[in-house]
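No lab work stands behind these numbers, since they all come straight from the coordinates. These figures come from a predicted structure and were not determined experimentally. Methodologically, a virtual Cβ is constructed for each residue, glycine included, from the backbone with ideal geometry; neighbour enumeration extends over all protein chains shown.
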Amino acid sequence: MELLNWATALPLIFMAVMGLALLAYVILDGYDLGVGMLLPLATHAEKDVMVSSIGPFWDANETWLVLGVGVLLVCFPMAHGLVLSALYLPVAVMLIGLIVRGVAFDFRVKARDAHKAAWNHLFALGSLVTTLAQGWMLGAYVTGFHTDLWSRLFAVGIALTLPAAYAMLGVGWLVMKTEGELQRKALRWGQGVLWPMGFALVGISLATPVVSHTVFNKWFALPGFFALLPIPLACVAAFFAIRHVLAAPRVVAAGYGWVVFVATVVIFVLAFFGLSYSIYPYIVIDRLTVWEAASATESLAVIGIGVAITLPVIVIYTIFMYRVFWGKARELTYGL
């Protein structure tokens, strides 16, 4: 890379902003998608509490997706065209899923008893469809949008396993936000999705360097292999911390139920940094670097003014919202 100047630094800064936005989206919207997928396992009364637990947050969580895609659109137009052209169908499916769950979320509160179950099913279905579409997009992105058989199978594998990871985030959220029988149920649901999530993460970690020689060379060349070893070891430690808390209700009763959510977030964050390291300096692996895809330096400087205002506002609003609505969830009502 050339000496660091505005032309080389600004694309990296906006790449970091886009990565931060997408990581925040995956974690924040991941838990409310997980809660949506777990909804069919609860009783009618418990469903109201589960929806109430995500009610103040779920639409604001999606703000991060808008920010991430917006940065991709205006800062990396070449990558935007390549990415969305390859992912046109799964993006459309994801948007349909988000619309269905959004409509179901609002209508289920006012629906008569005879229709409420249908809206609950649609909310869960919209959450599942959205998650499957995101899993497919992640798998296709990691393989550089190749269309050979192994790349397709890899994308299918991530699409089918991402629901387990989101469900674990949802379990962690419910353990923190609920109490009594619903909290105990959440612990049992967590035991059910823990090992599928673990096998999925191990499978993806092993398959990724197989489908991409770039990733293989980055992770298995010495001495880099030993420098990167703490990442999988920390993930294993977080996994068994989750397993311990899920199997020990007395630990949750003592006030340490948050460990499930935090440890799951740690796994997501480490996986994100591992993926970022694997891909850098490409924005589309093996096809387009960050600098090749970036807008003109003058354009990025102007866009930077807007991002410098918007990003802190979103961060402050998110922190303020979670602070105001923190605490145990109760049944959701709209002043019936």
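Give the distance, in whole Å, between the Cα centre of the range 220-244 and the Cα centre of the range 76-111. Here the answer is 33 Å between Cα centres.
Put simply, when 153-166, 196-209, 217-230 are sorted by average Cβ atoms within 10 angstrom per residue, most first, you get 153-166, 196-209, 217-230. Note that the range 57-71 has calculated 3J(HN,Hα) couplings of 10, 5, 6, 5, 4, 6, 4, 5, 5, 4, 5, x, 5, x, 5 Hz, one per residue in order, obtained from phi through the Karplus relation 6.51 cos²θ - 1.76 cosθ + 1.60 (θ = phi - 60°); glycine and proline are x.
Each principal axis of the Cα atoms in the range 1-103 has its own extent, and those three values, largest first, are 61, 27, 18 angstrom.
Across the range 254-262, coupling constants 3J(HN,Hα) worked out from phi with the 6.51/-1.76/1.60 Karplus curve, θ = phi - 60°, read 7, x, 10, x, 4, 4, 4, 5, 5 Hz, and Gly and Pro carry x. The protection proxy used here, the mean number of other Cβ atoms lying within 10 Å of each residue, ranks peptides 284-293, 167-176, 20-29 as follows, highest first: 167-176, 20-29, 284-293.
Here's how it looks for residue 288: its modeled amide H is under 5 Å from those of 283, which are all 5 or more places away or on a different chain.
Three semi-axes describe the equivalent ellipsoid of the range 249-294; taken as square roots of 5 times the Cα gyration tensor eigenvalues and ordered largest first, they are 39, 8, 5 Å. Taking every alpha-carbon pair in the chain and binning the separations at 20 Å intervals from zero gives 29, 58, 13, 0 percent.
Seen from every direction in turn and averaged, the convex hull around the alpha carbons of the range 138-203 projects onto 4.6 nm².
Based on the Cβ-Cβ distance from residue 297 to residue 85, what FRET efficiency comes out when R0 is 25 Å, to the nearest 0.05? Between residue 297 and residue 85 the formula returns 0.45.
The HN-Hα couplings worked out from phi for the range 163-174 by the Karplus form 6.51 cos²θ - 1.76 cosθ + 1.60 (θ = phi - 60°) are x, 5, 5, 5, 4, 5, 4, x, 4, x, 5, 5 Hz, whole numbers, x standing for Gly and Pro.
In terms of distances greater than 19 angstrom between alpha carbons, the cross-link table entries 47/116; 47/185; 110/185 yield 110/185.
What translational diffusion coefficient, to the nearest whole µm²/s, does the range 219-315 have by Stokes-Einstein, given a Kirkwood radius computed over alpha-carbon pairs, a temperature of 37 °C and 0.692 mPa s viscosity? In µm²/s, the coefficient rounds to 193. Label-to-label distance, residue 323 versus residue 272, with points set 7 angstrom from Cα along the beta-carbon direction: 2.1 nm.
Return the FRET efficiency for the residue pair residue 231, residue 184: r is the Cβ-Cβ distance, R0 is 35 Å, and the value is rounded to the nearest 0.05. Plugging the Cβ-Cβ distance into 1/(1 + (r/R0)^6) gives 0.60.
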